[in-house]
Amino acid sequence: MKKKLLSGLLCAAMVGSLFVGCGSSSDSAPADDGAAADTSAPAADSGEAETTTGGGAAGTYALVPKSAGNPFNEKEADGFTAAIEAMGGTAVVQYPESATADAQITVIQSLISQGVDSICVAANDENALQAVLEEAMDAGIKVCSVDSSVNKDSRAVHCNQAGVDEIGLALIDAVYDISGGEGQFAILSATSQATNQNAWIDSMKSYMESDSKYADLELVEVAYGDDESQKSTDQTQALLQKYPDLKVICSPTTVGIAAAAKVLQDQGSSVKLTGLGLPSEMAAYIGDGDDYSCPYMFLWNPIDLGALGAYTSVALVNGDITGAAGDTFSCELGDYTVVDAADGGTEIILGAPFKFDPSNIDEWKEVY
Ligand code: RAM
């Protein structure tokens, strides 16, 4: 672990041309504490890979993140750009004007006109991009999604940070643990249309429905901060006012959890927080006892996730993979196999969610 961490720190210190070459899917981390024990899909296939991506990538590869001004998306874009450039390609990162499908459609239309070779999108809506992405694919552009998926007909393959149910289980178990197994909790999400957050929340709900272990937990509300800091702050304050008996807020978005952490800690609230956060933004709030709002949280390496989107884009353009289940490729991050996804399409999984707690947060806050 120490060695991996040092390599991660070294990589972080090299930001720019960065971590490509020293990255490894294990940098983003093993869930070695059992909190995310449902391994619905493997991180990376250890078997023999048929093709290697990374040799050559002449061409133009586009990334369309969910929104501008979100450090998670910027780190994802850093990883994408560094990987494409290391392979000799040209990376185009085009942020939409807002975290909406409409704004992404405008950006994608312009990328189609520019004649890019591939488009990798973190979707603000699962279905609303279908027409424009079909137009892109009809024009010969390879399409994949990353972080937040488009539906199966709108992509060749999705690059997923971790299994949906792995994340859902880690989150509901954290709520269970932090609440003492009973009482009210709320979810502070991103936008109401975000595919990734909605899938994780649905997974949490299905664990609650199917396992009596969670019978004494009450989900009082799913609030939406739209991945905007101020709106997430306002929504947190509204939850505190509406639910005086609230015990835990779970925020499966890096923007939401950082905003909620500040509100709870500034107010000295007894409500505790967990979810998905960037260590660099959450270090001041993670700790034991009354002075800290967040006992622990989870995430994965957003830089590696962007790089996986890049390697997948190049593999599609080079014809190394089509995106069919069973396709394999090898890249600087490791060996990957395309697997069936729950939505009927296919996906490539980066790794398992990693737990950040008082024992490791100071080490990881420098990395991402
Ligand atoms: C926010 C975004 C992103 C998500 C992370 C956890 O930054 O909503 O899509 O993956 O949180």
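None of the figures in this text is laboratory data; all of them are computed from the coordinates on show. In this text, all values refer to a predicted model and were calculated from it rather than measured experimentally. Reconstructed Cβ throughout: ideal geometry from the backbone, glycine too, with neighbour counts over all protein chains shown.
Worth a mention:
- Between 0 and 90 degrees, the angle of helix 164-179 with respect to the longest Cα principal axis of the chain falls at about 20 degrees.
- Within region 142-175: backbone nitrogen closer than 19 Å to the residue 325 label point (7 Å, Cα to C-beta): 145, 149-166
- With helices as the sole contributors, the chain gives -11500 deg cm²/dmol at 222 nm; each DSSP H run of n ≥ 4 counts as -39500 (n - 2.57), and the sum is divided by every residue.
- Efficiency of FRET from Cβ geometry, residue 242 and residue 192, R₀ 30 Å, rounded to 0.05: 0.95
- Evaluated at q = 0.12, 0.13, 0.15 Å⁻¹: base-10 log I(q)/I(0), Debye formula over Cα of the chain: -0.83, -0.97, -1.29
- Where labels lie 7 Å past Cα in the beta-carbon direction, separation of residue 139 and residue 221 in nm: 4.3
- In summary, the convex hull built on the alpha carbon positions of region 160-314 has an orientation-averaged projected area of 8.9 nm².
- Average Cα contact separation per residue, the chain, under 8 Å, 6 or more apart, as relative contact order %: 24
- Relative to the longest principal axis of the Cα atoms of the chain, the long axis of helix 254-267 lies at roughly 20 degrees.
- Classified by the C-alpha gyration tensor, region 233-350 has a prolate form. Its axis ratio a/c, with a ≥ b ≥ c, is 1.5 or above, and a/b is larger than b/c.
- Restraint check, 152/213; 205/365; 75/272; 231/272; 205/242, Cα-Cα greater than 25 Å: 152/213; 205/365; 75/272
- Bridge type composition, the chain - antiparallel percent by DSSP, nearest 5: 20
- Candidate cross-link partners of residue 262 among the aspartates and glutamates, defined by an alpha-carbon separation under 12 Å and a same-chain spacing of 8 or more, comprise 234, 281, 291.
- In this simple spin-label approximation, residue 202 and residue 291 carry label points 7 Å from Cα along the Cα→Cβ vector, and these lie 4.3 nm apart.
- Summing charges over all other residues whose Cβ lies under 13 Å from the Cβ of residue 247, with Lys and Arg as +1 and Asp and Glu as -1, gives -4.
- The slack between residue 68 and residue 234, meaning 0.36 nm per residue of separation minus the straight C-alpha distance, is 57.7 nm.
- If you take all other residues with their beta carbon under 12 Å from the beta carbon of residue 311, and give Lys and Arg +1 and Asp and Glu -1, the sum is -4.
- Using a Gaussian network model of the chain in which every pair of alpha carbons under 10 angstrom is joined by a spring, one finds that among 322, 254, 236 the greatest mean-square fluctuation is at 322.
- Helix 195-210 and the longest principal axis of the C-alpha atoms of the chain enclose an angle of approximately 50°.
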